[in-house]
Amino acid sequence: MTQTGFLTDATLCIGCKACEVACKEWNGVPADGFEWSGLSYDNTRSLGASTWRHVKFLEQPLRAGPQEAATGGPFRWVFLSDVCKHCAHAGCLEACPTGAIVRTEVGAVYVQPDICNGCGYCVVTCPFGVVDKRPDDGRAFKCTFCYDRQKVGLKPACATACPTESIRFGPLAELRQEGARRVEELRTRGYADAQLYDPASTTVGGIHAGFVILGEPENYNLPPAPEVPTAYLASAWTSAFLSAAVVFVAVCAAFGLT
Amino acid sequence: MSAPPRPGATEERLYQIRHAASAGLAHPSTPQIQARDSYYGLAALKPPVWTWEVPLYFFCGGVAGVSAVLGFVGHLFRADPAMVRMLLWMALIGAAVCPMLLVADLGRPSRFLNMLRVFKLRSPMSMGAWILVAFSGFAFAALLAHELQRAGVDSALLVNLGWLTEGLAAVTGLLLASYTGVLIGATAIPVWVAHRRVLPPHFLISGLGGSAAILELAGFLVPVTQALGFLAAGVETLLEAWFLFRRRPVDAPLHRGRSGGMFLAAGLLQGPAALLLRLVPIGTPVGRTAAAACFLLGSVLSRYAWIWAGRASARDPTSQFADQRAGLTRP
């Protein structure tokens, strides 16, 4: 099957959170607390076991392209709907010891709830801080890329609900081209700091849910150079084997000499 | 008691709020995101969700694994048979306690067998599950062979099987005591990743000292436990000095806050304190016993300190992003 993806565009998002609501509704995701964060209009704060779409609200002392703000100094309000990145080399999938996390036929990373035993290792191996354990349930949860909807030819719930097409869904290869084209267009229109977030040059090897953003990825808590933790295995295991050999020799020496 | 509101006071207050909201978007109380900053300083990673059982498992696995090594090598070099027997028992008790701790930590303990659905070289958690299963089997078989021989069962096959299982328990024991460093080192948590090369020997040596310390506390105040105790405390002292000396931004959780305090206490106990108590007064039972107790306590605390440091590290997006920009996180 064709690899599908998301392209989420911060320059089109109006911060309505319809994606958050549609995701919760369709997937039956439980409530995750009702607390005021004091951070702009973002009371969701981050993705988690019960938050699979999260609209970020950035208040920045910067100009948004050619726009003028009537606030005395430069000011812009940027919104972005964050989601699981469905990495080409996914830390959670590589680390899962039960085989609960699999790659689906559309290229998404999916946690099978009937297999997961809640060991929590995916939580610390996701370089984007997406997947988490639901305390009252015990298992790990994250965005399923609406596997059930895609199986019957429907768009994911968030993309369907998005009123401004800030969340685009489609064939991955097309969306990557579309993302590059959109950034080019934004730049010619004066949005000099528009860029495509898709860390393809790191060991993550690109993501299936790309973002068009204004400014630096750090502002959105998107890591500038995420690495898949399996990349660290060689150095860590080498150290483990070497130290095991040295300790064995040392123990032999201790018994032999005393 | 507050005075009743003046007529028009509500409207006046509303006007003030509206005025502040429109004119004061850049008000000092409004948090704003600067260039190359994080998103309101919120965590960009998820902290480990592991409960108290996991660090304790790291400790028990370390001690049990090294006990199997000491038992095998001690047997090989014809050490005190009582000590060899105790080591084999320590390995087995550890092998029995470890799975219980791990199962208790699972979100769905009834599904613990799912760990053995796949054999996945890329996943240190999967490798750990298989290492633990293999170790438990070999430790049990080795002890069984040993106890049967003690009970007078005389068979060449039993002797050979005893040697084979003791050797295999030693090999898997070395892996069990060191893989936990790989387990947390090959993650996304910055402070663990930054120490992925030093964590396996750090944990292995801690297990070595812990096993020797238990022997000493049980009364085996023999030269070999003294030598192993010196070795472990010496190496841990060097490591502690190295950790104190290195103060990169990523190391902050090892020096600051609750995790930093715990880390320092653990390092001092299994490092300099255990070393000095062995030196002064030289070789007296009281000094050695105190040194053993110090090391054991430090060894347990150290595993908790590393997990706590991981939690603090996950909550610090600033140094995480800066290190990535500087290319310090490349494999």
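Which ones in region A:102-118 are within 13 Å of another protein chain (Cβ to nearest Cβ) and touching a Phe, Trp or Tyr at 6+ places or on another chain (Cβ under 7 Å)? Explain how you work it out, then say what you get.
First pass over region A:102-118, keeping only residues within 13 Å of another protein chain (Cβ to nearest Cβ): A:102, A:111-118.
A:102, A:111, A:117, listed by residue number.
Rundown of residues vs (1) in contact (Cβ under 8 Å) with a residue 60 or more places away in the chain; (2) of a type in the set (Phe, Trp, Tyr); (3) assigned to a loop (DSSP other than H, G, I, E, B); (4) away from chain A (no Cβ under 14 Å), yes/no style:
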{"position": "B:263", "(1), (2), (3), (4)": "no, yes, no, yes"}
{"position": "B:273", "(1), (2), (3), (4)": "no, no, no, yes"}
{"position": "B:277", "(1), (2), (3), (4)": "no, no, no, yes"}
{"position": "B:286", "(1), (2), (3), (4)": "no, no, no, yes"}
{"position": "B:293", "(1), (2), (3), (4)": "yes, no, no, yes"}
{"position": "B:300", "(1), (2), (3), (4)": "yes, no, no, yes"}
{"position": "B:307", "(1), (2), (3), (4)": "yes, no, no, no"}
{"position": "B:311", "(1), (2), (3), (4)": "yes, no, no, no"}
{"position": "B:322", "(1), (2), (3), (4)": "yes, no, no, no"}
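So which residues in region A:215-241 are over 30 Å from residue A:187 (Cα atoms) and in contact with a Phe, Trp or Tyr (Cβ under 7 Å, 6 or more places away or on another chain), if there are any at all? If you could, list the steps in order and put the result at the bottom.
Filtering region A:215-241 down to residues over 30 Å from residue A:187 (Cα atoms) leaves A:228-241.
A:240 - this is the single residue of region A:215-241 that is over 30 Å from residue A:187 (Cα atoms) and in contact with a Phe, Trp or Tyr (Cβ under 7 Å, 6 or more places away or on another chain).
In region B:58-79, which residue that is within 13 Å of the chain's Cα centre (by Cα) and more than 12 Å from chain A (Cβ to nearest Cβ) is farthest from residue B:104 (Cα to Cα)? Spell out how you get there, then give the answer.
Just the residues of region B:58-79 that are within 13 Å of the chain's Cα centre (by Cα), to begin with: B:58-63.
With the extra rule that they be more than 12 Å from chain A (Cβ to nearest Cβ), the set shrinks to B:58-61, B:63.
On the way: B:58: 14, B:59: 16, B:60: 15, B:61: 15, B:63: 20 Å.
Within region B:58-79, the match that is farthest from residue B:104 (Cα to Cα) is B:63.
Being in a loop (DSSP other than H, G, I, E, B), farther than 24 Å from residue A:185 by Cβ and of a type outside the set (Ser, Thr, Tyr) is the filter here; which residues of region A:48-74 pass it? Before you say what the answer is, go through the steps one by one.
If we filter region A:48-74 for residues that are in a loop (DSSP other than H, G, I, E, B), which is where we start, we get A:49-50, A:52, A:61-74.
Still in the list and also farther than 24 Å from residue A:185 by Cβ: A:49-50, A:52, A:61, A:70-73.
Across region A:48-74, the qualifying residues are A:49, A:52, A:61, A:70, A:72, A:73.
Tell me whether region B:97-110 contains one or more residues that are in a helix (DSSP H, G or I) and over 24 Å from the mean Cα position of the chain (by Cα).
Our first condition is that a residue be in a helix (DSSP H, G or I); within region B:97-110, this holds for B:97-105, B:109-110.
When the remaining residues are screened for being over 24 Å from the mean Cα position of the chain (by Cα), the result is B:110.
Taking every residue of region B:97-110 in turn, at least one turns out to be in a helix (DSSP H, G or I) and over 24 Å from the mean Cα position of the chain (by Cα).
Counting residues that are closer than 22 Å to residue B:119 by Cα, which strands (runs of 3 or more DSSP E) fully inside region A:83-172 reach at least 3? Give the derivation first.
Numbers: elements: A:101-103, A:109-111, A:167-171.
Answer list for region A:83-172: A:101-103, A:109-111.
Can residue A:25 be described as in a helix (DSSP H, G or I) and modelled with pLDDT of 95 or more? Show your work before the answer.
On the way: in a helix (DSSP H, G or I): yes; modelled with pLDDT of 95 or more: yes.
So residue A:25 passes the test.
Going by the structure shown, is residue A:202 under 16 Å from the mean Cα position of the chain (by Cα) and of a type in the set (S, T, N, Q)?
Working: under 16 Å from the mean Cα position of the chain (by Cα): yes; of a type in the set (S, T, N, Q): yes.
So residue A:202 fits the description; yes.
Tell me, which helices (runs of 4 or more DSSP H) wholly within region B:181-259 include 3 or more residues that are among the small types (Gly, Ala, Ser)? Before you say what the answer is, go through the steps one by one.
On the way: elements: B:190-194, B:199-217, B:223-245, B:252-255.
Result: B:199-217, B:223-245.
Count, please, the residues in region A:21-41 that happen to be more than 28 Å from residue A:138 (Cβ to Cβ) and either touching a Lys or Arg at 6+ places or on another chain (Cβ under 9 Å) or buried (at least 19 other Cβ atoms within 10 Å of the Cβ) (or both).
3
Just one of the numbered conditions (1) crowded, with 21+ Cβ neighbours inside 10 Å; (2) over 27 Å from residue B:180 (Cα atoms); (3) out of contact with any strand residue (DSSP E or B) (no Cβ under 8 Å at 6 or more places or on another chain) is not true of residue A:219; which one?
Going through the list (1) crowded, with 21+ Cβ neighbours inside 10 Å; (2) over 27 Å from residue B:180 (Cα atoms); (3) out of contact with any strand residue (DSSP E or B) (no Cβ under 8 Å at 6 or more places or on another chain), residue A:219 breaks only (3).
Only one residue in A:157, A:140 is closer than 30 Å to residue B:49 by Cβ, more than 8 Å from chain B (Cβ to nearest Cβ), small (Gly, Ala, Ser) and touching a helix residue (DSSP H, G or I) at 6+ places or on another chain (Cβ under 8 Å). Which one? Walk me through it before giving the result.
Details: A:140 fails: more than 8 Å from chain B (Cβ to nearest Cβ).
Selected residue: A:157, the only one of A:157, A:140 that is closer than 30 Å to residue B:49 by Cβ, more than 8 Å from chain B (Cβ to nearest Cβ), small (Gly, Ala, Ser) and touching a helix residue (DSSP H, G or I) at 6+ places or on another chain (Cβ under 8 Å).
Can you name every residue in region B:132-163 that is within 14 Å of chain A (Cβ to nearest Cβ) and surrounded by fewer than 23 Cβ atoms within 10 Å (Cβ to Cβ)?
Step one: of region B:132-163, the residues within 14 Å of chain A (Cβ to nearest Cβ) are B:132-133, B:135.
The answer is B:133, and nothing else.
Residue check: is residue B:172 facing chain A (nearest Cβ under 10 Å) and crowded, with 24+ Cβ neighbours inside 10 Å? Outline the logic, then answer.
Working: facing chain A (nearest Cβ under 10 Å): no; crowded, with 24+ Cβ neighbours inside 10 Å: yes.
Judged against the criteria, residue B:172 is not a match.
Just the residues that are among the β-branched types (Val, Ile, Thr) and either free of Cβ contacts under 8 Å to residues at least 24 places away in the same chain or outside any helix (DSSP H, G or I) (or both), please, taken from region B:111-132.
B:118
Among the residues that make up region A:227-241, is at least one of them in contact with a strand residue (DSSP E or B) (Cβ under 8 Å, 6 or more places away or on another chain), within 12 Å of another protein chain (Cβ to nearest Cβ) and surrounded by fewer than 21 Cβ atoms within 10 Å (Cβ to Cβ)?
Pass one, region A:227-241, residues in contact with a strand residue (DSSP E or B) (Cβ under 8 Å, 6 or more places away or on another chain): A:228.
Restricting the remaining residues to those that are within 12 Å of another protein chain (Cβ to nearest Cβ) gives A:228.
Filter once more, keeping what is surrounded by fewer than 21 Cβ atoms within 10 Å (Cβ to Cβ): none.
No, region A:227-241 contains no residue that is in contact with a strand residue (DSSP E or B) (Cβ under 8 Å, 6 or more places away or on another chain), within 12 Å of another protein chain (Cβ to nearest Cβ) and surrounded by fewer than 21 Cβ atoms within 10 Å (Cβ to Cβ).
Could you give every pair whose Cβ atoms fall below 7 Å, whose first residue belongs to region A:177-205 and is of a type in the set (Gly, Ala, Ser), and whose second residue is at pLDDT below 95 and assigned to a strand (DSSP E or B), counting only separations of at least 6 or pairs across chains?
none
If the Cβ limit is 7 Å and pairs must be 6+ apart or interchain, which residue in region B:68-96 that is closer than 19 Å to residue B:226 by Cα pairs with which residue that is acidic (Asp, Glu)?
Listed pairs, sorted by first residue: B:71/B:166; B:72/B:166; B:75/B:166.
List the number of the failed condition for residue A:204; all other conditions in (1) in a helix (DSSP H, G or I); (2) among the aliphatic types (A, V, I, L, M); (3) assigned by TED's automatic domain parsing to the domain that holds residue A:165 hold.
For residue A:204, the failing item is (1).
Looking at (1) in contact (Cβ under 8 Å) with a residue 40 or more places away in the chain; (2) assigned to a helix (DSSP H, G or I); (3) touching a helix residue (DSSP H, G or I) at 6+ places or on another chain (Cβ under 8 Å), find the lone condition where residue B:267 falls short.
The number of the failed condition is (1).
List the number of the failed condition for residue A:212; all other conditions in (1) buried (at least 23 other Cβ atoms within 10 Å of the Cβ); (2) part of a loop (DSSP other than H, G, I, E, B); (3) more than 9 Å from every other protein chain (Cβ to nearest Cβ) hold.
Of (1) buried (at least 23 other Cβ atoms within 10 Å of the Cβ); (2) part of a loop (DSSP other than H, G, I, E, B); (3) more than 9 Å from every other protein chain (Cβ to nearest Cβ), only one is false for residue A:212: (2).
Condition first: among the basic types (Lys, Arg) and either without any contact (Cβ under 8 Å) to a residue 40 or more places away in the chain or buried (at least 19 other Cβ atoms within 10 Å of the Cβ) (or both). Now tell me which residues in region B:231-255 satisfy that.
We begin by selecting, within region B:231-255, every residue among the basic types (Lys, Arg); these are B:246-248.
If the condition is that a residue be among the basic types (Lys, Arg) and either without any contact (Cβ under 8 Å) to a residue 40 or more places away in the chain or buried (at least 19 other Cβ atoms within 10 Å of the Cβ) (or both), then B:246, B:247 are the ones that fit.
Identify all residues within region A:242-258 that are within 7 Å of chain B (Cβ to nearest Cβ) and small (Gly, Ala, Ser); write none if there are none. I'd like the intermediate steps shown before the answer.
Taking region A:242-258 and keeping what is within 7 Å of chain B (Cβ to nearest Cβ), we get A:243-244, A:247-248, A:250-252, A:254-256, A:258.
A:243, A:244, A:250, A:254, A:256 - these are the residues of region A:242-258 that are within 7 Å of chain B (Cβ to nearest Cβ) and small (Gly, Ala, Ser).
For residue B:42, indicate whether it is assigned to a loop (DSSP other than H, G, I, E, B), farther than 24 Å from residue A:96 by Cβ and outside the structural domain of residue B:224 (by TED's automatic domain parsing). Even if it seems obvious, please write down each step before you answer.
On the way: assigned to a loop (DSSP other than H, G, I, E, B): yes; farther than 24 Å from residue A:96 by Cβ: yes; outside the structural domain of residue B:224 (by TED's automatic domain parsing): yes.
Considered against the rule, which asks whether it is assigned to a loop (DSSP other than H, G, I, E, B), farther than 24 Å from residue A:96 by Cβ and outside the structural domain of residue B:224 (by TED's automatic domain parsing), residue B:42 comes out as yes.
The values are calculated or read from the model by the stated rules, or taken from the named source; none is laboratory data. Quantities reported herein were computed from a predicted structural model and do not represent experimental measurements. All Cβ positions, glycine included, derive from the backbone under ideal geometry; neighbour counts span all protein chains shown.
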